[in-house]
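Participant: I'd like to ask you about the structure that follows.
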Amino acid sequence: MGIRKKLKAKAKNGYVYEVSVAYKDLYGVSQRYWKSGFETKKEALEHEGYIRNEIKMNGTLYKECEKTLNEVYYEYMEYEGKQVRGYNTIVYYENTMKNHIEDSIGRMKIRFIKYKQLQDYFNDLEKNKSHPTAVNAKKVISATLQYALRCQYIYDNPLINVKLIPVNDESKEKEEKKKTITDEEFINLVNGVLSKSKYSRKGSEFNNKAYVVAMYISHYCGLRIGETFALEKRDFDFVNETIKIDRELVYEGLRRKNYYTKGKLKSETSKATIVFPKPLQEVLKQWFEVNPHEIVICQEDGWYMSPSSFNARVSKVSHELGFHFHYHMLRHTFATTLAKNGVSDVVAMKMMRHSQISTTMQIYTHPDLEDQRKAIQKTF
């Protein structure tokens, strides 16, 4: 059809020009592009040339998406995210959106978000917030843009070449140190939580012991906090020395009714039966003599322990001891310990319950300078 005049009473000349171009989409289905409102034939011809060039270059015509990053994110969560992400991951995604994305880059139309906009945005987070904040925001935006690619809202991912650059090398080194905990720090932390000194002026003796058992479970088995806090005594087989992991604790609020377990974990490989070592057996046997309830990590009355209370309590002790701690460090440390002791990549992946070996290798192994020094000495 090409270009034609179209009557329009409000137009300057009483008419406008309309561009119409036929093409086939990626599936070979015939489509037609229309756009009207050009005041001159020259403008219409230029636009027609632009459209035909796009079709020639790309093999089809990509429709421009008018949705913002915020809109695409919530669409992603509705159609995919809530089905494939664990509850606790969803909570941290939504907190990150609300606090760091929605009122800034989230308002931009997704088709206008390019490398430069993203790099500037992350540089600002690194400068004015923190490196962990930038890392979390990148995870959320990455999942959103991957969804946008699948929906053909965009046709390349501008996040690919974006780099997170800590404001200085010292902060980067500090973040690396936060990923694992040394044996000495672990023992000091356990003793600090159990101590009746200033470290334990809040919380019952029973709760403090429950916190320590939770720490030992991840220290020896690398469980996530939601998995640990959902464990029941029936999950432990002392004869075969195994733990069955098939659910996690969901905590949607502070009231008891907001605590429950669900069988949908982070991934299909997260559900597994894993082996636990004899040192953990001894810890558990002693704990089961003290704890009469079915829930392993529980309050004195037998109800689920709050992960938030655990984090607040143990983090306070660690800060008073002079180092940073969060529960996931135990999982990182577990994987690093496997690597240090020569456990093969495939076995480590199974023990960590990762779906991809790259996750095990890239995220959870953190060799320090001493490890590197030993490797050099052993090699040369």
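Participant: Kindly write out, for region 314-326 in residue order, the coupling ³J(HN,Hα) from the Karplus curve 6.51 cos²θ - 1.76 cosθ + 1.60 (θ = phi - 60°), rounded to whole Hz, with x marking Gly and Pro.
Facilitator: 3J(HN,Hα) across region 314-326, in whole Hz: 6, 5, 5, 4, 4, 5, 5, 8, x, 8, 8, 8, 9.
Participant: Pop out the ³J(HN,Hα) list for region 300-310 in order, Karplus 6.51 cos²θ - 1.76 cosθ + 1.60 with θ = phi - 60°, rounded to Hz; leave Gly and Pro as x.
Facilitator: Working through the residues one at a time gives 4, 8, x, 8, 4, 7, 7, x, 5, 5, 4 Hz.
Participant: Please compute the contact order of region 41-137 in relative form: average sequence separation of alpha-carbon pairs under 8 Å and at least six residues apart, divided by the residue count, as a percent.
Facilitator: In percent, rounded to a whole number, it is 31.
Participant: What are the semi-axes of the equivalent ellipsoid for region 1-73, taken as the square roots of 5 times the Cα gyration tensor eigenvalues, largest first, in whole Å?
Facilitator: Over the Cα atoms of region 1-73, the ellipsoid semi-axes are 26, 18, 11 Å.
Participant: Beyond 17 Å, what share of the Cα-Cα pairs of region 288-340 is found? Please give it as a whole percent.
Facilitator: In whole percent, the share of Cα-Cα pairs in region 288-340 beyond 17 Å is 56.
All of the numbers you see were taken from the coordinates with simple rules; none came from a lab. Bear in mind that the values here come from a model prediction, so they are computed numbers and not experimental data.
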